[in-house]
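The values are calculated or read from the model by the stated rules, or taken from the named source; none is laboratory data. It should be emphasised that the depicted structure is a prediction, and the values quoted were computed from it without experimental measurement. FYI the Cβ positions are ideal-geometry reconstructions off the backbone, even for glycines, and counts take in every protein chain you see. Note: accessible area is taken over every heavy atom of the protein model, side chains too, but ligands, DNA and RNA are not part of it. Shrake-Rupley method; radii C 1.70, N 1.55, O 1.52, S 1.80 Å.
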Amino acid sequence: MTDYKLEAAKAALTLISPNQTIGLGAGSTIAHLVNMLAQNQELAASLTFTSSSFKTTQLLSKYGLRIQSPALLNKLDIYFDGCDQFDSELNALKSGGGIHTTEKILASMAQEFILLGDEGKFASQLNATYPLVIEILPQALQIVLAKLSALFPQATFTQRMSTQKDGALISDNGNMLVDVQFTELPEPVKLNMLVKMIPGVVEHSLFYQIAGRAIIAGENGIRIISPQR
């Protein structure tokens with residue numbers, strides 16, 4: 001069977017030029033891209049990398065590639081990342097890793113944010129298949145949950161708990177993570193605004209009108225999708 005994520009990574013590789021600063025997210029498509037970059041030693045040696053992901057950073061380090069902390073950068077040439085689902089406007093839901101705050105920072109500092117993945121990630125409109133993940137300051141957890149419940153009374157709210165220790169799962173930034181499962185996803189423009197306006201919310205996992213292109217691979221080959229806004 002064709003590995004569509006590998007094919008998407010191959011297409012992404014053609015967009016990288018020497019001497020660029022490249023941001024990378026998490027996931028198997030990104031891992032394929034790193035592996036291919038490492039094989040192109042001349043190109044890779046000219047690049048600077050940063051990542052929102054601990055695993056991706058480890059992989060970059062394994063290959064001896066040049067890594068810079070996001071805190072020391074104010075712009076990227078390209079930021080590549082996957083997602084759980086994206087729509088025709090390239091609004092994306094990124095729910096899995098709980099690192100969406102750093103991912104969104106890197107996406108926003110890039111000249112172009114490009115989504116990568118297989119064609120199964122695309123939906124004409126975002127739906128409620130995946131939760132919205134919200135990063136919340138610990139001292140604001142209860143008030144944020146109360147405000148969310150008032151805004152979205154039909155939704156289910158689940159705080160992420162650790163499986164390796166007793167207690168809550170703590171984000172990379174020392175905050176709480178809450179999954180919001182909707183029965184029907186609100187309109188992205190409203191969802192983005194309503195959640196961001198709650199005091200104590202650090203960030204949420206809806207990437208609203210940030211991506212500039214999406215590269216997806218499927219049975220009919222590679223498709224490059226531009227936002228229909």
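Residues in region 192-224 that are of a type in the set (A, V, I, L, M) and under 17 Å from the mean Cα position of the chain (by Cα) were compared, and the one that is farthest from ALA9 (Cα to Cα) is VAL202. Among what's in region 193-229 and is surrounded by fewer than 18 Cβ atoms within 10 Å (Cβ to Cβ) and among the polar types (S, T, N, Q), pick the residue that is nearest to ASP179 (Cα to Cα). Among those that are surrounded by fewer than 18 Cβ atoms within 10 Å (Cβ to Cβ) and among the polar types (S, T, N, Q), it is GLN209.
Considering region 43-63, the residues that are under 23 Å from HIS100 (Cβ atoms) and among the aliphatic types (A, V, I, L, M) include one that is surrounded by the most Cβ atoms within 10 Å (Cβ to Cβ), namely LEU60.
Taking the numbered list (1) at pLDDT 95 or above; (2) surrounded by 14 or more Cβ atoms within 10 Å (Cβ to Cβ); (3) part of a loop (DSSP other than H, G, I, E, B) in turn, ASP172 passes all entries but (1).
Of all residues being surrounded by fewer than 19 Cβ atoms within 10 Å (Cβ to Cβ), among the hydrophobic types (A, V, I, L, M, F, W, C) and in contact with a helix residue (DSSP H, G or I) (Cβ under 8 Å, 6 or more places away or on another chain) in region 1-42, which is farthest from ILE224 (Cα to Cα)? Just the residue, please. This residue is ALA38. For region 141-149, the count of residues that are assigned to a loop (DSSP other than H, G, I, E, B), farther than 29 Å from ALA11 by Cβ and open to solvent by 40 Å² or more (accessible area, probe 1.4 Å) is zero.
Does region 44-53 contain any residue that is in contact with a helix residue (DSSP H, G or I) (Cβ under 8 Å, 6 or more places away or on another chain), more than 30 Å from SER124 (Cα to Cα) and among the hydroxyl-bearing types (Ser, Thr, Tyr)? Looking through region 44-53, at least one residue is in contact with a helix residue (DSSP H, G or I) (Cβ under 8 Å, 6 or more places away or on another chain), more than 30 Å from SER124 (Cα to Cα) and among the hydroxyl-bearing types (Ser, Thr, Tyr).
Just one of the listed residues (ILE30, ILE22, ILE78, ILE16) is β-branched (Val, Ile, Thr), at pLDDT 95 or above and in a loop (DSSP other than H, G, I, E, B), namely ILE16.
Taken over region 175-192, the criterion of being open to solvent by 50 Å² or more (accessible area, probe 1.4 Å) and not β-branched (Val, Ile, Thr) is satisfied by GLN181, GLU184, GLU187, LYS190.
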